1. Among all stretches of the chain without exposed trypsin sites (Lys or Arg not before Pro) (DSSP loop, at most 12 other Cβ atoms within 10 Å), which one is longest?
2. Can you tell which of T13, T45, T184 shows the greatest fluctuation in a Gaussian network model of the chain with Cα springs below 10 Å?
3. Nearest 500 deg cm²/dmol is fine: what mean residue ellipticity at 222 nm does the chain get from its DSSP H runs of n ≥ 4 alone, each adding -39,500 (n - 2.57), divided by its residue count?
4. Fully extended, how many nm does the chain gain between Q29 and A41 (0.36 nm per residue separation, minus their Cα-Cα distance)?
5. Of G37, M1, G124, whose Cα points farthest to the positive end of the dipole of the chain (charges on the beta-carbon: +1 Lys, Arg; -1 Asp, Glu; origin at the Cα centre)?
6. With every protein chain kept in place and ligands, DNA and RNA left out, what is the accessible area per residue of the chain? Probe 1.4 Å, answer in Å².
7. Would you mind checking K43/K102; K102/K140; K102/K135; K12/K87; K43/K87; K12/K43 for any pair whose Cα atoms are more than 23 angstrom apart?
8. At a 1.4 Å probe radius, carbon and sulfur cover how many percent of the accessible area of the chain?
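The values are calculated or read from the model by the stated rules, or taken from the named source; none is laboratory data. Small disclaimer: the values here were computed from a predicted structure and weren't measured. A quick note on method: Cβ atoms are made from the backbone with ideal geometry, for glycine too, and the neighbour counts reach across all protein chains shown. Side chains included, ligands, DNA and RNA excluded: accessible areas come from the protein's heavy atoms. Shrake-Rupley method; radii C 1.70, N 1.55, O 1.52, S 1.80 Å.
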Amino acid sequence: MPDAIVLRGLTKTFGQTVAVRDFDLAVPQGALYGVIGPNGAGKTTIIRMILSILLPDRGELSVLGHGSAMEAKDRIGYLPEERGLYKRMRVGQFLAYMARLKNADGADLRPRIRAWLERVDLGGVEHKRCEELSKGMQQKVQFVAAVIHRPDLLILDEPFSGLDPVNQRLLRELVGEEHRRGATVLFSTHVMVHAEQLCDHVV
(Lines give C-alpha, C1' and ligand atoms only; values in the text may rest on other atoms or scores of the structure.)
Protein backbone atom coordinates (compact mmCIF):
# COMPACT_ATOMS: atom_id res chain seq x y z
CA MET A 1 0.00 0.00 0.00
CA PRO A 2 1.60 3.34 -1.04
CA ASP A 3 2.08 6.11 1.49
CA ALA A 4 -0.60 8.82 1.55
CA ILE A 5 2.01 11.59 1.73
CA VAL A 6 5.66 11.47 0.71
CA LEU A 7 7.95 14.52 1.01
CA ARG A 8 11.62 14.40 0.00
CA GLY A 9 14.02 17.28 0.53
CA LEU A 10 11.28 19.90 0.61
CA THR A 11 12.69 23.42 0.92
CA LYS A 12 10.88 26.77 0.91
CA THR A 13 12.30 30.26 1.33
CA PHE A 14 10.69 33.67 1.56
CA GLY A 15 13.30 36.23 0.60
CA GLN A 16 16.25 35.66 2.95
CA THR A 17 14.15 33.55 5.36
CA VAL A 18 14.39 29.77 5.08
CA ALA A 19 11.00 28.55 6.29
CA VAL A 20 11.56 24.83 5.57
CA ARG A 21 14.89 23.17 4.82
CA ASP A 22 15.35 19.68 3.30
CA PHE A 23 12.24 18.25 4.98
CA ASP A 24 11.49 14.54 4.57
CA LEU A 25 8.28 12.83 5.64
CA ALA A 26 6.35 9.68 4.74
CA VAL A 27 2.82 9.26 6.13
CA PRO A 28 1.36 5.76 5.59
CA GLN A 29 -2.25 5.43 4.48
CA GLY A 30 -4.54 5.23 7.47
CA ALA A 31 -2.03 6.78 9.89
CA LEU A 32 -2.60 9.65 12.32
CA TYR A 33 0.42 11.96 12.38
CA GLY A 34 1.05 15.13 14.35
CA VAL A 35 3.50 17.81 13.20
CA ILE A 36 4.81 19.55 16.31
CA GLY A 37 6.74 22.79 16.61
CA PRO A 38 6.64 26.28 18.08
CA ASN A 39 5.00 29.16 16.24
CA GLY A 40 7.11 30.07 13.22
CA ALA A 41 8.70 26.61 12.90
CA GLY A 42 7.34 26.07 9.37
CA LYS A 43 4.37 23.79 10.08
CA THR A 44 1.86 25.78 8.05
CA THR A 45 4.33 26.21 5.20
CA ILE A 46 4.77 22.42 5.03
CA ILE A 47 1.00 21.90 4.98
CA ARG A 48 0.54 24.51 2.26
CA MET A 49 3.18 22.80 0.12
CA ILE A 50 1.46 19.44 0.61
CA LEU A 51 -1.79 21.05 -0.57
CA SER A 52 -0.13 22.87 -3.53
CA ILE A 53 -1.12 26.24 -2.08
CA LEU A 54 2.62 26.98 -2.09
CA LEU A 55 5.17 25.42 -4.41
CA PRO A 56 8.47 24.24 -2.93
CA ASP A 57 11.71 25.81 -4.12
CA ARG A 58 13.29 22.38 -4.11
CA GLY A 59 12.29 18.79 -3.40
CA GLU A 60 9.65 16.25 -4.41
CA LEU A 61 6.26 15.33 -3.04
CA SER A 62 3.45 12.86 -3.60
CA VAL A 63 -0.09 13.14 -2.23
CA LEU A 64 -2.43 10.15 -2.49
CA GLY A 65 -0.27 8.80 -5.28
CA HIS A 66 -0.25 12.03 -7.30
CA GLY A 67 2.46 14.59 -7.93
CA SER A 68 0.11 17.38 -6.85
CA ALA A 69 -2.73 17.61 -4.35
CA MET A 70 -4.76 19.32 -7.08
CA GLU A 71 -5.04 15.94 -8.83
CA ALA A 72 -6.69 14.45 -5.72
CA LYS A 73 -8.48 17.50 -4.33
CA ASP A 74 -11.88 15.82 -3.99
CA ARG A 75 -10.31 13.22 -1.68
CA ILE A 76 -8.71 15.76 0.67
CA GLY A 77 -10.24 17.67 3.58
CA TYR A 78 -8.43 20.75 4.91
CA LEU A 79 -8.98 22.86 8.00
CA PRO A 80 -6.80 25.98 7.65
CA GLU A 81 -5.24 27.79 10.58
CA GLU A 82 -6.99 31.05 9.65
CA ARG A 83 -10.76 31.38 9.39
CA GLY A 84 -11.94 30.53 5.89
CA LEU A 85 -15.69 31.06 6.17
CA TYR A 86 -17.80 33.19 3.86
CA LYS A 87 -19.09 35.42 6.61
CA ARG A 88 -22.35 36.51 4.95
CA MET A 89 -23.40 32.98 3.95
CA ARG A 90 -25.70 30.98 6.17
CA VAL A 91 -24.07 27.98 7.82
CA GLY A 92 -26.08 25.30 6.00
CA GLN A 93 -25.62 27.08 2.68
CA PHE A 94 -21.86 27.36 3.28
CA LEU A 95 -21.47 23.67 4.12
CA ALA A 96 -23.52 22.63 1.09
CA TYR A 97 -21.35 24.84 -1.12
CA MET A 98 -18.14 23.35 0.29
CA ALA A 99 -19.48 19.82 -0.25
CA ARG A 100 -20.38 20.61 -3.87
CA LEU A 101 -16.84 21.88 -4.48
CA LYS A 102 -15.73 18.35 -3.57
CA ASN A 103 -18.36 16.70 -5.81
CA ALA A 104 -20.29 15.44 -2.76
CA ASP A 105 -23.71 16.80 -3.72
CA GLY A 106 -25.75 13.64 -3.25
CA ALA A 107 -29.38 13.31 -2.17
CA ASP A 108 -28.25 12.78 1.41
CA LEU A 109 -26.27 16.04 1.61
CA ARG A 110 -28.80 18.14 3.55
CA PRO A 111 -29.52 15.39 6.13
CA ARG A 112 -25.77 14.82 6.46
CA ILE A 113 -25.18 18.54 7.11
CA ARG A 114 -27.86 18.57 9.79
CA ALA A 115 -26.45 15.42 11.39
CA TRP A 116 -22.96 16.89 11.49
CA LEU A 117 -24.19 20.16 13.00
CA GLU A 118 -25.96 18.16 15.71
CA ARG A 119 -22.78 16.15 16.25
CA VAL A 120 -20.76 19.31 16.95
CA ASP A 121 -23.48 20.83 19.18
CA LEU A 122 -24.54 23.39 16.56
CA GLY A 123 -27.98 22.03 15.79
CA GLY A 124 -29.64 25.43 15.89
CA VAL A 125 -27.31 27.41 13.64
CA GLU A 126 -28.02 26.04 10.14
CA HIS A 127 -29.84 29.23 9.08
CA LYS A 128 -27.58 31.70 10.89
CA ARG A 129 -24.95 33.67 9.02
CA CYS A 130 -21.38 32.52 9.66
CA GLU A 131 -20.47 35.97 10.96
CA GLU A 132 -23.04 35.62 13.74
CA LEU A 133 -21.14 32.71 15.33
CA SER A 134 -18.44 32.86 17.97
CA LYS A 135 -14.87 31.98 17.02
CA GLY A 136 -15.20 28.54 18.58
CA MET A 137 -18.45 27.87 16.72
CA GLN A 138 -16.85 29.02 13.46
CA GLN A 139 -13.98 26.61 14.06
CA LYS A 140 -16.42 23.72 14.43
CA VAL A 141 -18.23 24.74 11.22
CA GLN A 142 -14.88 24.74 9.43
CA PHE A 143 -14.15 21.26 10.74
CA VAL A 144 -17.49 20.03 9.38
CA ALA A 145 -16.64 21.64 6.02
CA ALA A 146 -13.37 19.67 6.01
CA VAL A 147 -15.03 16.29 6.60
CA ILE A 148 -18.49 16.62 5.00
CA HIS A 149 -17.31 14.83 1.82
CA ARG A 150 -15.70 11.92 3.75
CA PRO A 151 -12.12 12.60 2.64
CA ASP A 152 -9.42 9.96 2.37
CA LEU A 153 -6.84 12.46 3.65
CA LEU A 154 -7.67 14.99 6.38
CA ILE A 155 -5.20 17.83 7.04
CA LEU A 156 -5.80 20.04 10.07
CA ASP A 157 -3.70 23.13 10.80
CA GLU A 158 -3.89 24.08 14.51
CA PRO A 159 -7.42 22.61 14.75
CA PHE A 160 -7.84 23.31 18.48
CA SER A 161 -7.25 27.05 18.14
CA GLY A 162 -10.06 29.09 19.71
CA LEU A 163 -11.79 26.09 21.32
CA ASP A 164 -12.56 25.80 25.02
CA PRO A 165 -11.55 22.56 26.85
CA VAL A 166 -14.98 20.93 26.32
CA ASN A 167 -14.88 21.51 22.58
CA GLN A 168 -11.22 20.50 22.38
CA ARG A 169 -12.26 17.13 23.79
CA LEU A 170 -15.14 16.93 21.29
CA LEU A 171 -12.79 17.68 18.40
CA ARG A 172 -10.36 15.00 19.58
CA GLU A 173 -13.24 12.52 19.52
CA LEU A 174 -14.27 13.59 16.02
CA VAL A 175 -10.73 13.33 14.65
CA GLY A 176 -10.52 9.87 16.19
CA GLU A 177 -13.78 8.90 14.49
CA GLU A 178 -12.51 10.09 11.11
CA HIS A 179 -9.34 8.08 11.65
CA ARG A 180 -11.29 4.94 12.54
CA ARG A 181 -13.43 5.49 9.44
CA GLY A 182 -10.21 5.01 7.48
CA ALA A 183 -9.01 8.56 6.81
CA THR A 184 -5.31 9.38 6.94
CA VAL A 185 -4.95 12.34 9.33
CA LEU A 186 -2.14 14.89 9.49
CA PHE A 187 -2.44 17.79 11.90
CA SER A 188 -0.15 20.51 13.18
CA THR A 189 -0.02 21.86 16.70
CA HIS A 190 2.31 23.67 19.05
CA VAL A 191 0.64 22.03 22.08
CA MET A 192 2.37 18.73 22.89
CA VAL A 193 -0.51 17.34 24.96
CA HIS A 194 -2.83 17.45 21.93
CA ALA A 195 -0.40 15.33 19.96
CA GLU A 196 0.11 12.91 22.84
CA GLN A 197 -3.64 12.38 23.21
CA LEU A 198 -4.29 11.77 19.50
CA CYS A 199 -1.35 10.64 17.46
CA ASP A 200 0.18 7.37 16.32
CA HIS A 201 3.33 9.29 15.38
CA VAL A 202 4.78 12.73 16.04
CA VAL A 203 7.07 14.65 13.67
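1. The longest such stretch corresponds to 89-203.
2. In this elastic network of the chain, the residue with the biggest mean-square fluctuation among T13, T45, T184 is T13.
3. Mean residue ellipticity at 222 nm (helix-derived): -10000 deg cm²/dmol.
4. Fully extending the segment from Q29 to A41 adds 1.8 nm.
5. Towards the positive end, the residue furthest out is G124.
6. Solvent-accessible surface per residue comes out at 49 Å².
7. Over 23 Å apart, Cα to Cα: K43/K102; K102/K135; K12/K87; K43/K87.
8. Percent of accessible area from carbon and sulfur atoms in the chain: 50.
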